[in-house]
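Below you'll find the structure, written out as structure tokens, and then a few comments.
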Amino acid sequence: MELPHLGHRVTVCPDGHTAVAALERESFDCLIVDLDMPGMNGIQVIERAATLSPATESIVLTGKQSLESAVAALRFGVIDYLSKPCRLSELQTLLQRVAARRALKRQSAAIDRSNNASPSASRRLIGSSKAMSDVLQLIRKVAPTQSTVLIRGETGCGKELVARGVHDESLRKDKAFVAVNCGALPEHLIESELFGHKKGSFTGADSQREGLFEVANGGSIFLDEIGELPLSMQAKLLRVLESGDIRRVGDNQTLHVDVRVICATHRDLDSMVESGTFREDLMFRINTFEIHVPALRERMEDVMPLARHLYLRHRPEHASIENVFADETIQILKQHPWPGNVRELANVVEHATILCDHPPILPEHLPRHFSDKRVKREIKGATISISPLSLKEMELVAVQEAIHRHQGNKPAAAEELGISLKTLYNKLNQSDLANKKPA
């Protein structure tokens, strides 16, 4: 066999039944069959392969050609039909075609899975503030390298957009970008989702599946909320980062992948390392280059450019209108603390877009809790000045009003504000502590 010397991993089967048994155990990029075999002929093996492993390509190599067998082979999507004896260079060319087709299919699947998981895929970074200019500069510096990147920032501030920016300006920009929310994956399925699984490796594993690292091969994988990974998975991820080798659940074979890893978190990983809930060696491995994404309240000059961009995503036909927001609305939006960052702003703009048929957007088009935040209030016909609310007080008002609008449903309130449920409870707990009187 010359194929192993050309870099191919080959499983040799003496007959059709053995080949089908091998297909039931694992998947193959390509199946090379002879038409005339004992037990099952080549066409029968290809037919079974189409059911067991639909992604596997097939090549027929035979010394007995017939029009009937050629038609049957083509019906099952055989990539080519070669006569014996064939030149090794000819077979190698076909296998290279198979590899190219497989890579294209993986990239298409990655794009589909990533787009389905993340509706923000088509968005871009908006902002001309000093803080955002610094972020863009860091992206341009690190993108052409192969370094791992750790992106830090609050929930909803645009960490995935930064990750996409790194990928889009890298040498891998024409390859797959796969986004994974580690916090949204059930713990018992994380390993299978990232590294894939072998058929029958656990209950419900009815077929073999490629993991997201395999799907992202040649491109980039974005591990969002990496601080949510359990310690057992942190150890396995570290091994992948150090060697590039992955192993599907239930499989003894290792696969090598070439993937750039970009991570993000809103958690304090340094404190987690000290408490033992995050591995220090993994922290060193993912933190080769760090980018901090500022909260929206730290770059308030970007609020209106962002608001306009978000509005035009819903109403592109209004792009020629200069004043999309009324002056009073602009003042309200600029004074809001944005605890949910850009995600909260996106929700507010979408709410206003639904209510406003045509610009300008007025204060009454904003969610109700915005109209209750005034620096001046009328009391019995007289207008008095009051001290502006602190940032924490304004955040608490937004949280409490969201909970009230959702009739006490805290998960729904957190989703509207663009913050995690844990963050919402933290803000409520901080308020309770501040309001407790000493005994």
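The values are calculated or read from the model by the stated rules, or taken from the named source; none is laboratory data. On a predicted model such as this, the values are computed, not experimentally measured, just so you know. Glycine gets a Cβ as well: all are built from the backbone with ideal geometry, and neighbour counts include every protein chain shown.
Per-structure values
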{"item": "Search result, residues across the stretch 340-359 that are surrounded by fewer than 16 Cβ atoms within 10 Å (Cβ to Cβ) and over 26 Å from the mean Cα position of the chain (by Cα)", "result": "Ile354, Leu355, Asp357, His358"}
{"item": "Hits in the stretch 194-224 (condition: surrounded by 22 or more Cβ atoms within 10 Å (Cβ to Cβ) and aromatic (Phe, Trp, Tyr))", "result": "Phe195, Phe213, Phe222"}
{"item": "3 or more residues of a type outside the set (Ser, Thr, Tyr) and at pLDDT below 65: qualifying helices (runs of 4 or more DSSP H) within the stretch 343-439", "result": "421-435"}
{"item": "Among the residues listed as Pro316, Pro337, the single one being under 27 Å from Pro294 (Cβ atoms) and either at pLDDT 80 or above or in contact with a Ser or Thr (Cβ under 9 Å, 6 or more places away or on another chain) (or both)", "result": "Pro337"}
{"item": "Members of the stretch 280-298 found to be without any contact (Cβ under 8 Å) to a residue 40 or more places away in the chain and among the acidic types (Asp, Glu), listed by number", "result": "Glu280"}
{"item": "Filtered residues of the stretch 91-143 (kept if under 12 Å from Gly165 (Cβ atoms) and either part of a helix (DSSP H, G or I) or at pLDDT below 70 (or both))", "result": "Arg123, Met132, Val135, Leu136, Gln137, Leu138, Ile139, Arg140, Lys141, Val142"}
{"item": "Of all residues making up the stretch 1-48, the number that are of a type in the set (A, V, I, L, M), part of a helix (DSSP H, G or I) and within 23 Å of Ser83 (Cβ to Cβ)", "result": "6"}
{"item": "Residue match in the stretch 317-325 (condition: buried (at least 20 other Cβ atoms within 10 Å of the Cβ), touching a residue at least 40 places away in the same chain (Cβ under 8 Å), on the phi < 0 side of the Ramachandran plot and assigned to a helix (DSSP H, G or I))", "result": "no"}
{"item": "From Arg343, Arg308, residue being of a type outside the set (Val, Ile, Thr) and either touching a Cys at 6+ places or on another chain (Cβ under 6 Å) or over 22 Å from Thr423 (Cα atoms) (or both)", "result": "Arg308"}
{"item": "Top-ranked residue of the stretch 51-81 - restricted to ones that are loosely packed, with under 15 Cβ neighbours inside 10 Å and assigned to a helix (DSSP H, G or I), ranked as modelled with the lowest pLDDT", "result": "Leu67"}
{"item": "Any hit, the stretch 245-260, residues being closer than 20 Å to Glu191 by Cβ and at pLDDT 95 or above", "result": "yes"}
